[in-house]
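Engineer: Dumping the structure here so I can ask a few things about it.
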Amino acid sequence: MKVALFATCIADSMFPQAPQATMHLLERLGVTVEFPQSQACCGQMHINTGYYPEAMPLIKNHVETFSPVLDGEWDAIVVPSGSCTGSIRHQQEMVAKAEGFDGLAKTAGEIAAKTYELSEFLVDILGKTDVGAYFPHRVTYHPTCHSLRVARVGDRPYQLLREVQGIDLVDLPEAESCCGFGGTFSLKNAETSASMLADKMTNIKSTGADVLVAGDYSCLMHIAGGLARNRAGVRAMHLAEVLAGTQDHPWTAPSTTVKAGV
């Protein structure tokens, strides 16, 4: 099987350990992974703030970059982000149609149908919940809002984490409550965002976890920043990073990557 990796702009520019771990994991499972060099932002930031015309060049670029999936060059597009997966599925076609680009909208919809968040791809397409991962740490998992309510990945991340060897997986109280990030929400409503983050951190610390895991580095960035400021001693890691390593071959992010909360 051959797939294209859509890294997302925040991961590509700030947290490359997530797409790197995704590629490492998929290749370990026998999947051929290609990284289209012309990829850029999916347009979600512009769309969520109401800038539809400004989002159109990004949507056009995304469609052009990943259209080979429709010709069979790749079997699927894999994204280490529920948030960006949700935007590709539910926003690109809608915005292109609203701006009068019906042909582009149709193609965007066809590409969206072949786009999968990482846990979806592993569980639904590869049919795997046990990927041979080894991670001997106490872990709690935060299901990000967009992964739950837009991409609708359900419990697939939990299915994968439960099969990890050595893991001590602890349920996060009020797991489905928002962490307060919400993109520009955290800037426009800083006090509310900070209060939501405080509640989330209290719940995380109550688990005694060493590591907080999520499928979106945007939310991890927000939460990890708070944890670091409070010297909570909890690391933030993407799901792909936990699944990438085995007992014989641990996966370590390259030293040049940026760490959340630092």
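The values are calculated or read from the model by the stated rules, or taken from the named source; none is laboratory data. Here the structure is a predicted model, which means the values were calculated and not measured. Cβ sites come from the backbone with ideal geometry, for glycine too, and all protein chains shown count toward neighbours. Heavy atoms of the whole protein, side chains included, go into the accessibility calculation; ligands, DNA and RNA do not. Shrake-Rupley method; radii C 1.70, N 1.55, O 1.52, S 1.80 Å.
Engineer: Over 19 Å apart: what share of the alpha carbon pairs of segment 34-164 falls there, rounded to a whole percent?
Structural biologist: Roughly 52 percent, once rounded to a whole number.
Engineer: For the chain, which cysteines have no disulfide-compatible partner, meaning no other cysteine Cβ under 4.7 Å?
Structural biologist: Lone cysteines by the Cβ rule: Cys42, Cys84, Cys145, Cys178, Cys179, Cys219.
Engineer: What is the extension gain from Thr129 to Lys205, computed as 0.36 nm multiplied by their sequence separation minus the C-alpha to C-alpha distance, in nm to one decimal?
Structural biologist: 24.6 nm
Engineer: Next up: Let me test this: with uniform point scatterers at the alpha carbons of segment 114-169, what is the Debye-based log₁₀ I(q)/I(0) at q = 0.17 1/Å?
Structural biologist: -0.56
Engineer: Under 22 Å Cα to Cα from Lys60, which lysines show up? Leave out anything in the same chain fewer than 8 places away.
Structural biologist: Correct list for Lys60: Lys97, Lys106, Lys114.
Engineer: Before rounding to the nearest 500, sum -39500 (n - 2.57) across all DSSP H runs of length at least 4 in the chain and divide by the residue total; then give [θ] at 222 nm in deg cm²/dmol.
Structural biologist: So the calculated ellipticity at 222 nm is -12500 deg cm²/dmol.
Engineer: Now a separate question. Between Gly225, Gly86, Gly30, where does the largest GNM mean-square fluctuation fall for the chain, given springs only between Cα atoms within less than 10 Å?
Structural biologist: Comparing Gly225, Gly86, Gly30 in the GNM, the peak value goes to Gly30.
Engineer: Shifting gears a bit: Taking the Kirkwood radius as the inverse of the mean 1/r across Cα pairs, report the Rg/Rh of the chain.
Structural biologist: On the Cα set of the chain, Rg over Rh gives 0.96.
Engineer: Also: Which one of Met45, Gly154, Pro19 has its Cα pushed farthest toward the positive end of the charge dipole of the chain, where Lys and Arg give +1 and Asp and Glu give -1 at the Cβ?
Structural biologist: Met45
Engineer: Where is the GNM fluctuation largest for the chain (alpha-carbon springs, 10 angstrom cutoff): Met221, Met45, Met23?
Structural biologist: In this elastic network of the chain, the residue with the biggest mean-square fluctuation among Met221, Met45, Met23 is Met45.
Engineer: While we're looking at this one, here's another question. Considering only Tyr116, Tyr51, Tyr217, give the residue with the highest GNM mean-square fluctuation for the chain, with springs between Cα atoms whenever their separation is below 10 Å.
Structural biologist: Tyr51
Engineer: On to the next question. Can you give the accessible area per residue of segment 139-191, in Å², using a 1.4 Å probe?
Structural biologist: With all protein chains present, segment 139-191 gives 51 Å² per residue.
Engineer: Taking R0 as 30 Å, what's the FRET efficiency between His137 and Asp12 from their Cβ-Cβ distance, rounded to 0.05?
Structural biologist: Values: r = 26 Å, r/R0 = 0.88.
About 0.70, to the nearest 0.05.
Engineer: Still on this structure, please answer the following. Ignoring any ligand, DNA or RNA, what whole percent of the accessible area of the chain comes from carbon and sulfur when the probe is 1.4 angstrom?
Structural biologist: The C+S portion of the solvent-accessible surface of the chain is 49 percent.
Engineer: Would you mind putting 130-138, 241-249 in packing order, based on average other-beta-carbon counts within 10 Å, highest first?
Structural biologist: Descending mean neighbour count gives 241-249, 130-138.
Engineer: List the aspartates and glutamates whose Cα sits under 18 Å from the Cα of Lys128, skipping any in the same chain fewer than 8 residues away.
Structural biologist: Glu27, Asp75, Glu117, Glu120, Asp155, Glu163, Glu241
Engineer: Taking 0.36 nm per residue of separation and subtracting the Cα-Cα distance, what length does fully extending Asp155 through Glu191 add?
Structural biologist: Gain in length upon complete extension: 9.9 nm.
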